[in-house]
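Here's the structure, in structure tokens; my notes come after.
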Amino acid sequence: MNKQFGAIFLLAGTAIGSGMISLPIVLAKFGVPVSILLMVAFAVIAYFSSIMRCDLNLNSKANFSLKEVGELYGGKFAGFVGSWSIKILMFALISAYLFGLSSIVNELCKGCVPQNAVIIGMAVMTLVVLAFASETVIRINKSLFIFMIAAFIILVVMLLYGLEGSDVPTIAMEIDSIKSWACIVPVIFTSFGFQGSLHNMTEYVDNDIKLIKRSSLFGSLIPAIVYIIWTSSILVIVFNSDHVFFEKMMAGNVSAGELVMVLSKVCGAGAIPIAVRFVSIFAILTSLVGVGLSLFSAYSLELKVKNPSSKRMICAILTVIPSMLVAMVVPDAFIKTLNFAGIILAVLAIVLPAILHENLQNQQIEDKKLMMKNKLLVRIIFAIGVIIVALGICW
């Protein structure tokens, strides 16, 4: 049971993060009803893509690395794409998380601390956390996730208590153009992006199929529930309290820190503004730790260093420093890097695994274990992945 909860917390904790801030921003133009439908749809896509990816792990003896799994089922080129896709994805996500956290902290400090200094501080903290053993990092992430969910529940109850009689925003802008969808689809998919942690999860539960299915299900379901409640509440609150800022959200011209500060002002004095800041910061922190661990593990599998302590430190530095530099250099990096990450994630979590999964189905392997046996479903998921990539590129 402890392994089950640990695996669920790893996936859900990795997923729930930047979406707490990015989803209200990118979904404002769609209103609450359409936003809920989109989040449910992407939770379903996340579940099936994770099952498809885990099938590759279960039938390989490649230490769960997408690079080695790719080589096994698709050759050297597939292995190369898998290896660099996951690295680029993790770099982009960590950059987005560092920038988002620094934006929130910078707004809280009213600009008295330079944003780049905050980014460096957050990066150093992440590096120190990753220097611990993987089991310790998972326990740290589990604790962060529990604190965040507890604060989230308290906050939502407080927020919903004051929403009686409020208007619910519906579609407020034209969404029939490709550009309208291109700027939100990759970001939504990124919000459910725990696929980079799947190899950690399958290894953690010792390849137990039942535990993998449950972990993937609840790893998709919990973020969907949290995002739906949170995003709907935020959109209703801002729509009824600050229509000018809501229009800025619809145009996508707000930062993570600005949204958190507006929510704090709208909620007035007392415990609610503190809870808003707490939930926002801890949500991104859980994703930062989970994604950092995934990239750290990828380096650990490839780096040939005999001394364990030196190896952990080198892997931690390679994980954090490049992302820190991107966060410091790229202006308004939050939504931009999340959109880019969505493109890479679609390749990593859907397109490549779907191709490899079909190759796996066609191979004659003794004691083959497949949780997803429907070829048509695999091809539908593949088509969705291609659409996400195309929309991201169009933006």
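The values are calculated or read from the model by the stated rules, or taken from the named source; none is laboratory data. None of these values were measured; they are calculated from a predicted model. Note: ideal-geometry Cβ built from the backbone for every residue, glycine included; neighbour counts use all protein chains shown.
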Inspect all residues belonging to segment 185-195 and state whether any of them is modelled with pLDDT under 80 and surrounded by fewer than 19 Cβ atoms within 10 Å (Cβ to Cβ). no
inquiry  = Looking for something at pLDDT 75 or above, β-branched (Val, Ile, Thr) and over 23 Å from Leu345 (Cα atoms) - is there at least one such residue anywhere in segment 282-304?
reply    = no
**Request:** Could you tell me whether Lys369 is charged (D, E, K, R), out of contact with any His (no Cβ under 8 Å at 6 or more places or on another chain) and assigned to a helix (DSSP H, G or I)?
**Result:** no
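Could you grab me the full set of residues in segment 338-380 that are of a type in the set (D, E, K, R) and within 17 Å of Leu58 (Cα to Cα)?
Passing the criteria: Glu358, Glu366, Asp367, Lys368, Lys369, Lys373.
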(1) closer than 23 Å to Pro114 by Cα; (2) touching a Pro at 6+ places or on another chain (Cβ under 9 Å); (3) crowded, with 20+ Cβ neighbours inside 10 Å all hold for Lys265 apart from (3)
Could you check, for segment 321-328, whether at least one of its residues is free of Cβ contacts under 8 Å to residues at least 60 places away in the same chain and either buried (at least 24 other Cβ atoms within 10 Å of the Cβ) or β-branched (Val, Ile, Thr) (or both)? no
### Task
Kindly establish whether Leu37 is over 25 Å from Val289 (Cα atoms), surrounded by 24 or more Cβ atoms within 10 Å (Cβ to Cβ) and modelled with pLDDT of 80 or more.
no
Just a yes or no: is a residue in segment 314-327 out of contact with any strand residue (DSSP E or B) (no Cβ under 9 Å at 6 or more places or on another chain), modelled with pLDDT under 80 and not basic (Lys, Arg)? no
Note: among Asn359, Asn307, just one is more than 23 Å from the chain's Cα centre (by Cα) and either within 28 Å of Gly75 (Cβ to Cβ) or surrounded by 15 or more Cβ atoms within 10 Å (Cβ to Cβ) (or both), namely Asn359
Out of (1) farther than 24 Å from Leu23 by Cα; (2) at pLDDT 70 or above; (3) touching a Ser or Thr at 6+ places or on another chain (Cβ under 8 Å); (4) surrounded by fewer than 20 Cβ atoms within 10 Å (Cβ to Cβ), the one Ser134 does not meet is (2)
Of the residues in segment 319-335, those that are out of contact with any helix residue (DSSP H, G or I) (no Cβ under 9 Å at 6 or more places or on another chain) and either assigned to a helix (DSSP H, G or I) or more than 23 Å from Cys183 (Cα to Cα) (or both) come to Val329
Reported set for segment 101-130 where residues are modelled with pLDDT of 75 or more and touching a Lys or Arg at 6+ places or on another chain (Cβ under 8 Å) is Ile104, Leu130
| Do the conditions hold for Ile228, that is, is it under 22 Å from the mean Cα position of the chain (by Cα) and either at pLDDT below 80 or part of a helix (DSSP H, G or I) (or both)? | yes
Considering segment 1-33, residues that are in contact (Cβ under 8 Å) with a residue 24 or more places away in the chain and among the polar types (S, T, N, Q), and then whichever is farthest from Val238 (Cα to Cα), we arrive at Gln4
The condition of being under 20 Å from Ser22 (Cβ atoms), touching a Leu at 6+ places or on another chain (Cβ under 8 Å) and in a helix (DSSP H, G or I) holds, among Leu345, Leu356, only for Leu345
